[in-house]
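Encoded as structure tokens, the structure appears first; notes follow it.
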There are 2 protein chains.
Amino acid sequence: MYCQGFALAFACALVKGAAAVKTKNFIYIVPDGYGISSQVLARDFYSITNGEGTVARPNTAALGVDNIVIGSVKTQASDNLVTDSAASGTAFAAGIKTYNGAISVNDDGLPVASVLEAAYLDGLKTGLVVTSRITHATPAVYSAHVLHRDSENEIAAQQIGKAHPFGRFVDILIGGGRQQYLPTSEGGARDDGVNLINWAIEKGYTYAADKSDFTEVQTEGKLPLPFLGLFTSSHLTYEVDRDIEKEPSLLETTKAAVDTLEDAVKDSDKGYFLMVEASRIDHAAHSNDATSHLHEILVFNEVMHYLKEYVDAHPDTQILSAADHECGGLTLIDGYDPTSLAKGQSSGENAARALEAYNGNDPASLLRDTILPGMGLSKYTDGTVESLVRKHASSGSEAVGRDLVERFAAEAGINWSTGGHSAADVVLHGYAGESQAELRKEIGGFRDNTELPQYVAKSLGLDLAAATQKLRSNGTEWVQKRSMLTEIKKRANEAARAHSHESWLH
Amino acid sequence: MYCQGFALAFACALVKGAAAVKTKNFIYIVPDGYGISSQVLARDFYSITNGEGTVARPNTAALGVDNIVIGSVKTQASDNLVTDSAASGTAFAAGIKTYNGAISVNDDGLPVASVLEAAYLDGLKTGLVVTSRITHATPAVYSAHVLHRDSENEIAAQQIGKAHPFGRFVDILIGGGRQQYLPTSEGGARDDGVNLINWAIEKGYTYAADKSDFTEVQTEGKLPLPFLGLFTSSHLTYEVDRDIEKEPSLLETTKAAVDTLEDAVKDSDKGYFLMVEASRIDHAAHSNDATSHLHEILVFNEVMHYLKEYVDAHPDTQILSAADHECGGLTLIDGYDPTSLAKGQSSGENAARALEAYNGNDPASLLRDTILPGMGLSKYTDGTVESLVRKHASSGSEAVGRDLVERFAAEAGINWSTGGHSAADVVLHGYAGESQAELRKEIGGFRDNTELPQYVAKSLGLDLAAATQKLRSNGTEWVQKRSMLTEIKKRANEAARAHSHESWLH
């Protein structure tokens, strides 16, 4: 088949697409909400603060993913040119275009299998390692099928195996989101009274609630399988705010997962599929919080650097990585100063929480002595402090936090264009060691996000269509009430639009 | 040499870089000021207005360059994280980092040869085809050496061969910019009294001043060599405003140049080097003019589609293309509507000119009957017209034009973040037909803009260092007064910052 014409159908690429390089293991990494300027910001910051250049003298450094750029990716949803994480996640997990809000269901609300589910059916080990709630959109699209992403309690019940037709099928689940695993009576958000953590433990999962648990259960760096690590009630803490005694970093959890899975398949011809998500790059962009955004991106690059070296040492493994969408419309204009970002030691969320928790009667001192320096702000006056105190009294802690991140961006010359997602293509990264040329040929270049799991499935030898059949073989009623679908689709785009205004404190 | 570490020096890629695929001809295409969202805008517009999808139903089309994405490019200048076209152009024409404003001179103000000059020295035919003034930064970096881009009269004298040590070395020059070729006494901008057009004709150039000249001098689609085509006094007209009877499109001029050069080298083992620039994508972005930006990008994609097919038919030719930088911080947020762009039939510049030329006493009628519909605006009231008339009286025609492009962007839900450049990486495109895998390997991935001409030189078998030596062999005084260098560098960044405020009317 010859593909021609000014406009080329994507189908052409798929038809022309030939044999993927066969691999035993596949790791797919999602930097959620990460646009092309996010990488520039992190690269400039890293290289300049490490002495490789100044603002007025170019740096020569490249960060983790810079070494494995292979193309770009189109992200739109089936019902909106600007996608949310659910629709885009379903595209790169299950290979179909669907509506904003959909968790691995198609436009008719029917379940479609993810590469993780297909990997499980083929006898591979599987894992999900994230920094959001483990029930958030990106991990959800690999492990659940619901009509709307907000059904996080149901997502939890499916991904742990209790309400999923396959039973237990994810060997490693690491992230935040304990609230979806616990009943309201135990401080959780489940109104069905079920304690899914206890259920998981009964079914054989080892559970870790914090970093010390996480470290303790390991044997020579390996986790017991199956493993469930839920370190916080909601999302994990931003990297810049993280208490290193209480929560492991994404690099630490990724290394543990990779070493564990590698060990688990060492005597088998079947390998593993692991999805790692740097989830909160997106959250920081929604909040227009440059400090948090930067540190989430730096960790993502560290993870990618580690994984590239891992592939070099393990030629039976490939990695592929692309964001689900851009977020924030980050624009770095003349005069922007990445070095000023070095001063930021706190997220705006963290500042808002400190203010919210404050019981004293002198918030001006708290702001002046702790919060403003922690946020890296230096260009303020007594009048600034007074106006923040007034804002706190009239509009609350979160309003002050949002004010502070805005001031910080202004000091650094950083320009955010929106608190939501944009339609920008995202960069595609991939690495296959000695097989890099084949990887580039088969999946490099400009791709639709639905093409990515097709490549993963081919290289692991998986059958996505058969997995979908299996998923539906005993009916699809377990997915949810499809009579609600039209209303859900309508509300989903409204919710996506409002997503940027999600509260920081609750 | 083994390249390792979290940060990798670019030098590594060059050291590791091996033999480029040898080619006879090379075409380098510059979409000036074109960012990743510019392509998304054009793709969505094209596919939706051609019936392949709607705003709420994704399109499946890919435009010209979408089929040849091979990586991304870092753009910064030697003295600023945000580059201008001169510094970035010098990087991809001559392979060095230099200061903003520099036209193929290094940080010491010394000339550095471009791939076009090296190609000439090696006996290849050469050409420059642009839509800006032919003396503007991008064509200038290939054909002149001056300390600051604003020395356009001097650039003209060098590129035509009068003030260049090589004498005549560019076989085809096509664009706008007649003012730099004519003395003030003949309506030009030269204060040295020289008519460079007459000089060029005396030296053998065939000259075309408009489309009818351009068509008339061709023999079976081929131009006589050497050829000089200057169709306007300053920049060529925006594609959306272009009078097709008076000015050829970039696609027409590119086709003529390619056919001419191909014919000229058909009996030789030496080929040609051609640089094509879609110059005014950048101008439209500076003006935040979505209509003009869109149509410039569409023509760029048509040119790339044509050139890709040309390479398929001419396996001895390769193409490479990357923007010099992003411009405008274009952000396409939820609710943006590419179909509304179909209504725009005029640039803001054109609207301002129509208003400026108006001699009547009823500007409200002109606005209501001609200008507002031409600009594609539909959501306005009598009050809008009145306020525009008041703005015209108080602030002039250009202020009204700027107001109109802003209203148009708002109607289409298009978000511009700046009137200047940004630091965003740009997408790299390249095509080598059957040798595509080698091209991807040798120059695909993430690259510094200085790496690009190294690849061009290698694949054409050129020696850039020897060309630079030759350029300097009889002294470098011809470049300009280097005592001014510090002051020029300082002013160059100030000017770059002010570039967005360049007048539309003069």
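The values are calculated or read from the model by the stated rules, or taken from the named source; none is laboratory data. Computed from a predicted structure; not experimentally measured. In this analysis, Cβ positions are derived from the backbone assuming ideal geometry, glycine residues included, and neighbour counts consider all displayed protein chains. Heads up: the accessible areas ignore ligands, DNA and RNA and are worked out on the full protein's heavy atoms, side chains in. Shrake-Rupley method; radii C 1.70, N 1.55, O 1.52, S 1.80 Å.
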*Considering the dipole of the protein assembly as shown built from charges on the beta carbon (Lys and Arg +1, Asp and Glu -1) around the Cα centre, which of B:Phe227, A:Ala351, A:Ser85 is farthest to its positive end?*
B:Phe227
*Using a 7 Å Cα-to-Cβ projection, A:Asp267 label spacings across copies, nm, ascending*: 7.7
*Given q = 0.06, 0.12 Å⁻¹, what are the Debye log10 I(q)/I(0) values for chain A, with equal point scatterers placed on the Cα positions and solvent ignored?*
-0.27, -1.10
_Hits among lysines - C-alpha to C-alpha of B:Lys391 under 23 Å, sequence gap 8 or more where chains match_ = B:Lys379
*Using alpha carbon centroids, what distance separates segment B:81-142 and segment A:452-484, in Å?*
54
*Cα centroid separation - segment A:241-265 against segment A:144-185, whole Å*: 21
*Inter-copy spacing of A:Arg390 label points, which lie 7 Å from Cα along Cα→Cβ, given in nm from shortest upward*: 3.0
*How large is log10 I(q)/I(0) at q = 0.16, 0.21 Å⁻¹ when the Debye formula is applied to the Cα atoms of segment B:39-158, each weighted equally and without solvent?*
-0.80, -1.05
*asked:* Just to check I understand the Karplus step: with θ = phi - 60° and J = 6.51 cos²θ - 1.76 cosθ + 1.60, what whole-Hz values come out for segment B:166-177, glycine and proline as x?
replied: 8, x, 5, 9, 10, 7, 9, 10, 9, x, x, x
*Output ³J(HN,Hα) for segment B:180-189: one whole-Hz value per residue in order, computed from phi by the Karplus curve 6.51 cos²θ - 1.76 cosθ + 1.60 with θ = phi - 60°, and x for Gly and Pro.*
7, 9, 10, x, 4, 5, 10, x, x, 10
*Could you name the lysines whose alpha carbon sits less than 27 Å from that of B:Lys246, not counting residues in the same chain fewer than 8 places away?*
B:Lys203, B:Lys211, B:Lys222, B:Lys255, B:Lys343
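Of the listed peptides B:466-472, A:316-322, what is their order by residue-averaged count of other C-beta atoms within 10 Å, with the highest listed first? Let's see the in-between values first.
Numbers: B:466-472: 18.1, A:316-322: 24.1.
Going by the mean number of other Cβ atoms within 10 Å, highest first, we get A:316-322, B:466-472.
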*Using packing as a proxy for protection, rank B:379-392, B:418-431 so that the peptide with the highest average count of other Cβ atoms within 10 Å comes first.*
B:418-431, B:379-392
*Accessible solvent surface per residue of chain A, calculated while the other protein chains remain in place, 1.4 angstrom probe, Å²*: 34
*Take the solvent-accessible surface of the protein heavy atoms, probe 1.4 Å, and return the percent of it on segment A:177-303 that carbon and sulfur atoms account for.*
43
*Mind running the shape call on segment B:176-275? Use the C-alpha gyration tensor, a ≥ b ≥ c as the square roots of the eigenvalues: rounded below 1.5 for a/c, prolate if a/b tops b/c, oblate otherwise.*
oblate
_Can you tally the net charge around A:Phe231? Count Lys and Arg as +1, Asp and Glu as -1, for every other residue whose Cβ sits under 14 Å from the Cβ of A:Phe231._
-3
*Determine the share of segment B:340-412's accessible area contributed by carbon and sulfur atoms, expressed in whole percent, with a 1.4 angstrom probe.*
48
*Stokes-Einstein D for segment A:339-412 at 37 °C, 0.692 mPa s, Kirkwood Rh over Cα pairs, in µm²/s?*
274
*When the accessible area of each residue in segment B:417-433 is compared between its chain alone and the complete protein assembly (1.4 Å probe; ligands, DNA and RNA ignored), which residues differ by at least 30 Å², being lower in the assembly?*
B:Ser417, B:Ala423, B:Ala424, B:Asp425
*State, to one decimal in nm and shortest first, how far the label point of B:Glu52 sits from each corresponding label point in the other identical copies (label point: 7 angstrom along Cα-to-Cβ).*
4.0
*Out of residues 5 or more away from A:Gly109 or on other chains, whose amide H comes under 5 Å of its own, with H placed 1.01 Å from N in the peptide plane?*
none
_Sequence-separation-based contact order of segment B:134-218, relative, with Cα cut under 8 Å and 6+ spacing, percent_ = 18
*Which far-off residues, 5 or more places away or on another chain, put their amide H under 5 Å from the one on B:Thr206, with H placed in the peptide plane?*
B:Phe227, B:Leu228
*Per DSSP H run of at least 4 residues, take -39500 (n - 2.57); add these up for chain A, divide by its residues and hand me the 222 nm value, nearest 500 deg cm²/dmol.*
-11500 deg cm²/dmol
_Per-selection Rg to Rh, segment B:356-461 - Cα, Kirkwood hydrodynamic radius_ = 1.30
*For B:Lys490, which lysines qualify as cross-link partners when the Cα separation must be under 19 Å and same-chain residues fewer than eight apart are set aside?*
B:Lys97, B:Lys481
_In segment B:208-257, GluC sites (Glu not before Pro) in a DSSP loop with at most 12 other beta-carbon atoms within 10 Å_ = B:Glu220, B:Glu245
*What helices does chain A have that are whole DSSP H segments, at least 18 Å long along their own axis by Cα, and with mean Kyte-Doolittle hydropathy of -0.5 or more?*
A:36-49, A:250-264, A:290-313, A:397-412
*Specify, per residue and in Å³, the volume enclosed by the convex hull of the alpha carbon atoms belonging to the protein assembly as shown.*
179
*asked:* Need one value for B:74-84: mean number of C-beta atoms belonging to other chains within 10 Å of its residues' C-beta atoms.
replied: 6
*Calculate the length of the line joining the C-alpha centroid of segment A:293-344 to that of segment B:407-425, in whole Å.*
25
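Could you tell me the total accessible area buried at the A-B interface, probe 1.4 Å, in square angstrom to the nearest hundred?
Using a 1.4 Å probe on protein heavy atoms, the buried area is about 5400 Å².
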